[in-house]
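The values are calculated or read from the model by the stated rules, or taken from the named source; none is laboratory data. Please read these numbers as outputs of a predicted model, since none were measured by experiment. No Cβ is skipped: glycine too gets one built from the backbone with ideal geometry, and neighbour counts run over all protein chains shown. Keep in mind that these areas ignore ligands, DNA and RNA; they rest on the heavy atoms of the full protein, side chains included. Shrake-Rupley method; radii C 1.70, N 1.55, O 1.52, S 1.80 Å.
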Amino acid sequence: MMMGSNTEREWTATCSSSSSSNTRKKSEFLSMFKSTNWLNSSSADTGKGRSKFSVNRVAHGFHLVEGKSGHDMEDYHVAEFRRDRNIELGLFAIFDGHLGDRVPSYLKENLFNNILKEPTFWRDPRLAITNAYHATDKFILENPRQLGSGGSTAVTAIVIDGKDLWVANVGDSRAVLCERGAANQLTVDHEPHMERPRIERQGGFVTVFPGDVPRVNGQLAVARAFGDQSLKAHLSSEPDIRHVPIDSTMEFVILASDGLWKVMKNQEAVDLVKPIKDPQAAAKKLTAEALSRKSKDDISCIVIRFRC
């Protein structure tokens with residue numbers, strides 16, 4: 001067998017080294033690229049943050065995973081801090097869309113802006129939240145070409161200076177508070193059978209078929225939501241709102257879509273993450289447990305820890 005010359009071997013080695021270097025550089029670039037928001041979408045996301053200016057410090061973590069229901073990811077979230085009037089606001093939300101992601105995407109970008117722009121926000125947050133929910137829903141319904149005919153549930157939480165918590169929701173996305181180790185549900189699951197009289201007064205009906213959940217007009221499994229043009233005559237966008245002054249008995253709040261709550265009770269969720277001090281790790285733990293319990297839906301979770 002003839003062996004290559006020294007020059008050929010050196011050239012081959014150089015090419016191999018260059019190829020390996022290029023591969024490493026490409027891998028490093030893709031890793032850096034993926035770590036930015038450029039490739040982030042609603043399909044998968046995770047992260048954490050911490051307040052910087054609040055009297056009582058707040059930390060949060062979030063984790064979202066796409067379900068196995070045969071459609072693209074329709075869950076969106078907000079988890080951020082803003083300063084207004086020299087007061088720090090923690091803004092947190094889960095939006096669980098249906099029939100597409102245009103409505104939850106719009107809510108992610110606009111609902112908190114609409115709440116904070118309400119002139120009554122600082123003196124009457126309850127009124128501001130209610131008005132903003134209604135105004136936002138009105139805009140969605142008036143712009144079907146831009147936002148489609150789908151809809152979304154919502155659970156929103158505003159933490160003011162680490163001292164006050166305002167929670168609101170429409171639909172079945174839920175907020176659960178850990179208070180003295182016990183689960184305290186702050187939101188209302190707006191299920192059709194619970195609001196049957198109102199739905200029927202508005203000309204709709206509720207179906208209950210064997211093996212299925214109750215549905216408005218045989219279609220939607222919630223009685224309140226943003227959007228849903230074709231069903232809006234029978235639905236409501238009126239939020240249920242709770243104000244909770246934060247005290248030393250309260251450890252954390254879990255916000256999550258029904259992809260979690262379909263397979264896990266409130267107290268189970270609280271017990272599962274109570275020992276986990278890192279809220280991002282806690283959110284990941286909850287989504288992983290929901291997957292292990294065969295949840296098929298999109299699963300989105302935010303854990304907010306107080307005085308951390």
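What to note about this one:
- Residue check, residue 211 open to solvent by 10 Å² or more (accessible area, probe 1.4 Å), in a loop (DSSP other than H, G, I, E, B), modelled with pLDDT under 95 and of a type in the set (Gly, Ala, Ser): yes
Every residue, every condition in (1) more than 26 Å from residue 164 (Cα to Cα); (2) at pLDDT 95 or above, yes or no:
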| position | (1), (2) |
| --- | --- |
| 56 | no, no |
| 62 | no, yes |
| 89 | no, yes |
| 106 | yes, yes |
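- The one condition from (1) open to solvent by less than 10 Å² (accessible area, probe 1.4 Å); (2) in contact (Cβ under 8 Å) with a residue 40 or more places away in the chain that residue 183 does not meet is (1).
- Every residue from region 264-285 that is among the hydrophobic types (A, V, I, L, M, F, W, C) and crowded, with 24+ Cβ neighbours inside 10 Å: 269, 273, 282, 283
- Summed over region 62-107, the residues that are of a type in the set (Lys, Arg), under 23 Å from residue 280 (Cβ atoms) and buried (at least 18 other Cβ atoms within 10 Å of the Cβ) give a count of 0.
Residues are listed down the side, and each one gets a yes or a no for (1) part of a strand (DSSP E or B); (2) within 27 Å of residue 69 (Cβ to Cβ):
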| residue | (1), (2) |
| --- | --- |
| 222 | no, yes |
| 231 | no, yes |
| 241 | yes, no |
| 255 | yes, yes |
| 259 | no, yes |
| 264 | no, yes |
| 267 | no, yes |
| 276 | no, no |
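- Just one residue in the set 286, 272, 235 is under 30 Å from residue 121 (Cα atoms) and either over 21 Å from the mean Cα position of the chain (by Cα) or among the aliphatic types (A, V, I, L, M) (or both); that residue is 235.
- Unique residue being assigned to a helix (DSSP H, G or I) and closer than 17 Å to residue 243 by Cβ when the list is 157, 128: 128
- Residue match in region 172-195 (condition: within 17 Å of residue 241 (Cα to Cα) and among the small types (Gly, Ala, Ser)): yes
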